[in-house]
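Visitor: Sending over a structure as structure tokens; questions will come in a sec.
The values are calculated or read from the model by the stated rules, or taken from the named source; none is laboratory data. Source: prediction; values computed, not measured. All Cβ positions, glycine included, derive from the backbone under ideal geometry; neighbour counts span all protein chains shown. The accessibility values were calculated without ligands, DNA or RNA, using every heavy atom of the protein model including side chains. Shrake-Rupley method; radii C 1.70, N 1.55, O 1.52, S 1.80 Å.
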Amino acid sequence: MNLAGVIFSNLYDERFGVLTQNRTVASLPFGGRYRFVDFVLSNMSNSGITSVGIVTKHNYGSLMDHIGSSAEWDLNRKNGGVHLLAPFASGMSYVYQGKLEALFSAFPFLEKTPEDYVVLSDSTILCNINYEEALEAHIKSGKDVTVIVTRAKANPAVKHELVLTMQEGEVKDVTVDYPATADDTPVSMGMYIMEKKKILDVVRECVARGRHHLERDFIQDSFYSGKITLGVHEFTGHVIRNDSIATYFANNLDLITNEELRRDLFNRARPIYTKVRDEVPSFYSPQSTVADCLIADGCRIHGDLEKSVLFRDVYVGRGTVIKNSIIMQGTKIGEGCYIENAILDKNVTVSSGVKLIGAATAPCIVEKGETV
Amino acid sequence: MLRKSKECIAILLAGGQGSRLMVLTEDMAKPAVAFGGKYRIIDFPLSNCVNSGIDTVGILTQYQPLELNAYVGTGRPWGLNRNFGGAHILPPYAKSSKSEWYKGTANAVYQNIPFIENYDPEYVLILSGDHIYKMDYSKMLDFHKEKGSDCTIAVLEVPMEEASRFGIMNTNPDGSIYEFEEKPKNPKSNKASMGIYIFSWKVLREYLIRDEATEGSSNDFGKNVIPAILGDGGKVYAYPFEGYWKDVGTIKSLWEANMDLLDPASGLNLRDPKFKIYARNYAQPSSYIADGSKIVNSYVAEGCTIRGRVENSIISTACTIEEDVVIKGSVIMPNTTVKKGSVVKFSILGENVTIGRNVHIGGEKEYYPEDTWGIAVIGKNKTIADNTVVAPNEIL
């Protein structure tokens, strides 16, 4: 496969508040047993990509721990494999401000890896995509940069990092950080394919001029000045966009109710891999009732659950009711609790009889390791 | 050339068919049979080894090894992908002078003397792939060293009335064995062999060579090698093990061992962060438990969709239980689907089975004459047509 992957792990950290206080956005838990990065990494692996660079900035301890030797994604390769690219590894004396500068951290990796093409990807947009098809389309189109897009409905409230205006199949205009103004507008999925040589040249030039915004300073600018040609590759499968705590919360719960989405995202032919924890299967006691939930392994359930996502190794005591909530790995909840519209981060302890109630649009969040 | 040695390596006898498991081992070896929702029988001895500090395991295969080979792979799920040592699948191989199948347990080890010598071990642990138990072999090895033993056999005290079903060790007060009786009619002791042996390698090597040269020997550890060591006045000790141990060589015992997971009093607890049982993982998503389902006192593994009622059962990885289904007292092996309206009671459904709609399989003991009741079994990859009735004890 003549395509290398670059994943940005720290972008948009600030949008997820306390959830990313101690982790990168790429290591945000999702869907019961995954982290955001599992999706893009599995997609790359399933597409035959064997060289992946993950650009990090700070807080990457949990990410390193999660990825380990990358054997779960079959990326523990003799040639290539996963490279965690920390800022200091690039000789940068300051922390980067945008994707272009972040890419600067990936220079040693990009220069060394033999592939001619590179796909850049954020880690907040989750889907099950075949990059091999996207690369074929890119090469066939002869364009300098291919933006992987989905179609968005007109919605002034939702801004996209890159919105494309098309005319007769050609890109006519690009807007940055802008909402879709008409239905069926192609919007970027934060995934770009281009020739590696091109990236190296552009990044070098932009960083030298103190410019760091990939979409505005490189794509939009170069397109306007005629330096590059832009193409689009439309992805038609399900796309999960996480751009705030509210969407993150809603997306987790949507995964429960949307069976078609689950089937598409967890396509059996193209599985999503994650770190193996060797938990036992989950145990459901005679007192438990579980309705419309996603349950990972290693849980012990004695209470009543409704429309919730339970990560691995969660304990729910007798008489406890949990509704519309996300309970992360290792959290223990005592007896007779009532929890609704909440996100309980990893290893939280909830004493018996506690009530935690949030709103569907603003869930109650308990930070990692806290005791309530 | 790297010259290193291992103090103790393990040899796992995984070549048997396990014919008493009937359709469940029709096309795969017994150690590859699914257990407890996400495990296979072989996960137990392999995890025990790793948890006991033994990182070199020769797995002797012979009968239908494909599944087992694929399952063990490089040994990575158990941390047995080592530069020196690790998991090795050892099938019988052609030799310049004499090529043959593994004739018996002792012959199988005899044929792999070169593998063992490669690690220049002081001790060799012999294991089988038909038991469910958690055991720290390092304690048994300490016992072996302490006693200056030639051969140490792990024993479990069984109820006296059941002793005649086992290989029984008759011991002196110091724990040394003076007699070994296979399934004695009138047992003198209740110390049953667990099929786990530690040998001092020098001694075992000598007796393996001698046994091979003995005309008419059935080349078996229990029948030939250990009695020979005993007969020569060798030091053979019984190592008392306390804890859960079960031979899962029959349909009934395999079902019982699965049910023991649901009984806190059984002593079988796989939930121990310090002594985990490792298994190969198949990248399945979380299980979806639908509105309208009811799960009572059961284990459900990953990747399942549960819409029906599940009671006192084990549902393995990637199973689908549709609406209006009742599963009771049963073991559902991986990747199996039970369609709408079917009832499965006191049964084992093999891997990759599809049960059609309104099928009725097995039943409660109390509604059947005692001699006709038993666990119903559906073999691997079978499809059962809509409206079929499968009686208790029936094996398809």
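Visitor: Against the conditions (1) away from chain B (no Cβ under 14 Å); (2) open to solvent by 40 Å² or more (accessible area, probe 1.4 Å); (3) small (Gly, Ala, Ser); (4) on the phi > 0 side of the Ramachandran plot, where does A:Gly61 fall short? Just the number, please.
Guide: (4)
Visitor: So how many residues does the stretch A:318-333 have that are touching a strand residue (DSSP E or B) at 6+ places or on another chain (Cβ under 6 Å) and open to solvent by less than 30 Å² (accessible area, probe 1.4 Å)?
Guide: Total meeting the criteria: 8.
Visitor: In the list B:Tyr299, B:Tyr282, which residue meets the criterion of being within 11 Å of chain A (Cβ to nearest Cβ), in a strand (DSSP E or B), touching a residue at least 24 places away in the same chain (Cβ under 8 Å) and under 27 Å from the mean Cα position of the chain (by Cα)? I'd like the intermediate steps shown before the answer.
Guide: Values: B:Tyr282 fails: in a strand (DSSP E or B).
From the options B:Tyr299, B:Tyr282, the qualifying one is B:Tyr299.
Visitor: Determine which member of the set A:Lys153, A:Lys172, A:Lys197 is open to solvent by 30 Å² or more (accessible area, probe 1.4 Å), at pLDDT 90 or above, more than 14 Å from chain B (Cβ to nearest Cβ) and touching a strand residue (DSSP E or B) at 6+ places or on another chain (Cβ under 6 Å). Steps first, answer last, please.
Guide: Numbers: A:Lys153 fails: touching a strand residue (DSSP E or B) at 6+ places or on another chain (Cβ under 6 Å); A:Lys197 fails: touching a strand residue (DSSP E or B) at 6+ places or on another chain (Cβ under 6 Å).
Only one candidate qualifies: A:Lys172.
Visitor: Based on what the data block shows, is B:Leu46 over 30 Å from B:Thr336 (Cα atoms) and buried (at least 23 other Cβ atoms within 10 Å of the Cβ)?
Guide: no
Visitor: Given the residues B:Ile11, B:Ile59, which is the only one that is crowded, with 19+ Cβ neighbours inside 10 Å and over 27 Å from A:Val280 (Cβ atoms)?
Guide: After applying the criteria, what remains is B:Ile11.
Visitor: What are the residue pairs meeting all of these: first residue in the stretch A:313-331, first residue outside the structural domain of A:Thr247 (by TED's automatic domain parsing) and basic (Lys, Arg), second residue open to solvent by 30 Å² or more (accessible area, probe 1.4 Å) and not in a strand (DSSP E or B), Cβ atoms under 9 Å, and 6 or more apart or on different chains?
Guide: Once the first residue is outside the structural domain of A:Thr247 (by TED's automatic domain parsing) and basic (Lys, Arg) and sits in the stretch A:313-331, its partners that are open to solvent by 30 Å² or more (accessible area, probe 1.4 Å) and not in a strand (DSSP E or B) give A:Arg318/A:Gln287; A:Arg318/A:His302; A:Arg318/A:Glu335; A:Arg318/A:Gly336; A:Lys323/A:Lys307.
Visitor: While we're looking at this one, here's another question. Which members of the stretch B:317-363 meet the condition of being of a type in the set (Val, Ile, Thr), open to solvent by 20 Å² or more (accessible area, probe 1.4 Å) and over 29 Å from A:Gly298 (Cβ atoms)?
Guide: B:Val343
Visitor: With the structure loaded, tell me whether B:Pro240 is open to solvent by 30 Å² or more (accessible area, probe 1.4 Å), within 14 Å of chain A (Cβ to nearest Cβ), under 27 Å from B:Lys30 (Cα atoms) and out of contact with any Phe, Trp or Tyr (no Cβ under 8 Å at 6 or more places or on another chain) or whether it fails that test.
Guide: no
Visitor: Could you list, in sequence order, all residues of the stretch B:104-121 that are more than 20 Å from B:Gly249 (Cβ to Cβ), in contact with a Ser or Thr (Cβ under 8 Å, 6 or more places away or on another chain) and surrounded by 16 or more Cβ atoms within 10 Å (Cβ to Cβ)?
Guide: Matches in the stretch B:104-121: B:Tyr119, B:Pro121.
Visitor: Only residues in the stretch B:64-87 that are of a type in the set (Asp, Glu) count as the first member; pair them with residues that are open to solvent by less than 50 Å² (accessible area, probe 1.4 Å) and outside any helix (DSSP H, G or I), Cβ under 6 angstrom, at least 6 apart or cross-chain, and list the lot.
Guide: Matching pairs, first to second residue: B:Glu67/B:Met28.
Visitor: Among what's in the stretch A:254-269 and is facing chain B (nearest Cβ under 10 Å), surrounded by 15 or more Cβ atoms within 10 Å (Cβ to Cβ) and touching a strand residue (DSSP E or B) at 6+ places or on another chain (Cβ under 9 Å), pick the residue that is farthest from A:Asp297 (Cα to Cα).
Guide: Residue satisfying both the conditions and the ranking: A:Leu265.
Visitor: Check A:Lys140, A:Lys159 and return the single one that is open to solvent by 60 Å² or more (accessible area, probe 1.4 Å), under 25 Å from A:Phe36 (Cα atoms) and assigned by TED's automatic domain parsing to the domain that holds A:Gly210.
Guide: Unique residue meeting the criteria: A:Lys159.
Visitor: A further question follows. Could you identify the single residue in B:Tyr178, B:Tyr244, B:Tyr207 that is closer than 28 Å to B:Pro121 by Cα, modelled with pLDDT of 95 or more and of a type in the set (Phe, Trp, Tyr)?
Guide: None of the others qualify; the one that does is B:Tyr207.
Visitor: Right, here's the next one. Where in the stretch A:226-300 are the strands (runs of 3 or more DSSP E), entirely inside, with at least 2 residues that are in contact (Cβ under 8 Å) with a residue 40 or more places away in the chain?
Guide: A:230-234, A:293-295
Visitor: Determine, yes or no, whether A:Glu367 is within 25 Å of A:Asn242 (Cα to Cα), open to solvent by 10 Å² or more (accessible area, probe 1.4 Å) and among the charged types (D, E, K, R). Break it down stepwise before answering.
Guide: Values: within 25 Å of A:Asn242 (Cα to Cα): yes; open to solvent by 10 Å² or more (accessible area, probe 1.4 Å): yes; among the charged types (D, E, K, R): yes.
Judged against the criteria, A:Glu367 is a match.
Visitor: Another one. Every residue in the stretch B:14-43 that is open to solvent by less than 10 Å² (accessible area, probe 1.4 Å) and not in a loop (DSSP other than H, G, I, E, B), please. Show your work before the answer.
Guide: Quick first cut of the stretch B:14-43, residues open to solvent by less than 10 Å² (accessible area, probe 1.4 Å) only: B:14, B:21, B:24-25, B:28-29, B:31-37, B:39, B:41-43.
Passing the criteria: B:Leu21, B:Leu24, B:Thr25, B:Pro31, B:Ala32, B:Ala34, B:Phe35, B:Tyr39, B:Asp43.
Visitor: Another question, if that's okay. Select from the stretch B:181-204 the residues that are assigned to a strand (DSSP E or B) and among the polar types (S, T, N, Q) and write down the one among them that is modelled with the lowest pLDDT.
Guide: B:Ser193
Visitor: Exactly one condition in (1) at pLDDT 90 or above; (2) buried (at least 19 other Cβ atoms within 10 Å of the Cβ) is false for A:Gly81; which is it?
Guide: Here A:Gly81 meets the rest and fails (2).
Visitor: Looking at B:Asn352 and the list (1) at negative phi; (2) within 14 Å of another protein chain (Cβ to nearest Cβ); (3) assigned to a loop (DSSP other than H, G, I, E, B), which single condition is not satisfied?
Guide: Every condition holds for B:Asn352 apart from (1).
Visitor: Also: For residues that are more than 8 Å from chain B (Cβ to nearest Cβ) and among the acidic types (Asp, Glu), scanning just the stretch A:270-305, find the one that is surrounded by the most Cβ atoms within 10 Å (Cβ to Cβ).
Guide: My answer is A:Glu279.
Visitor: For the stretch A:330-372, give me each residue that is touching a Cys at 6+ places or on another chain (Cβ under 6 Å) and not in a loop (DSSP other than H, G, I, E, B).
Guide: Matches in the stretch A:330-372: A:Ala342, A:Val350, A:Leu356.
Visitor: Now, a different point. Could you tell me whether any residue of the stretch A:26-40 is open to solvent by less than 50 Å² (accessible area, probe 1.4 Å) and over 17 Å from the mean Cα position of the chain (by Cα)?
Guide: Within the stretch A:26-40, none of the residues are open to solvent by less than 50 Å² (accessible area, probe 1.4 Å) and over 17 Å from the mean Cα position of the chain (by Cα).
Visitor: In the stretch B:249-266, which residue that is out of contact with any strand residue (DSSP E or B) (no Cβ under 9 Å at 6 or more places or on another chain) and assigned to a loop (DSSP other than H, G, I, E, B) is nearest to the other protein chains (Cβ to nearest Cβ)?
Guide: This residue is B:Asp263.
Visitor: Find the residue count for the stretch B:268-278, including only residues that are over 14 Å from A:Ser282 (Cα atoms) and at the interface with chain A (Cβ under 7 Å from one of its Cβ atoms).
Guide: Qualifying residue count for the region: 2.
Visitor: For the stretch A:100-119, which residues satisfy the criterion of being modelled with pLDDT of 90 or more and closer than 15 Å to A:Leu3 by Cβ?
Guide: Correct list: A:Phe109, A:Leu110, A:Thr113, A:Pro114, A:Glu115, A:Asp116, A:Tyr117, A:Val118, A:Val119.
Visitor: Would the stretch A:181-192 turn up any residue that is part of a loop (DSSP other than H, G, I, E, B), surrounded by fewer than 15 Cβ atoms within 10 Å (Cβ to Cβ) and either β-branched (Val, Ile, Thr) or in contact with a Pro (Cβ under 6 Å, 6 or more places away or on another chain) (or both)?
Guide: So far as the stretch A:181-192 goes, yes, one or more of its residues are part of a loop (DSSP other than H, G, I, E, B), surrounded by fewer than 15 Cβ atoms within 10 Å (Cβ to Cβ) and either β-branched (Val, Ile, Thr) or in contact with a Pro (Cβ under 6 Å, 6 or more places away or on another chain) (or both).
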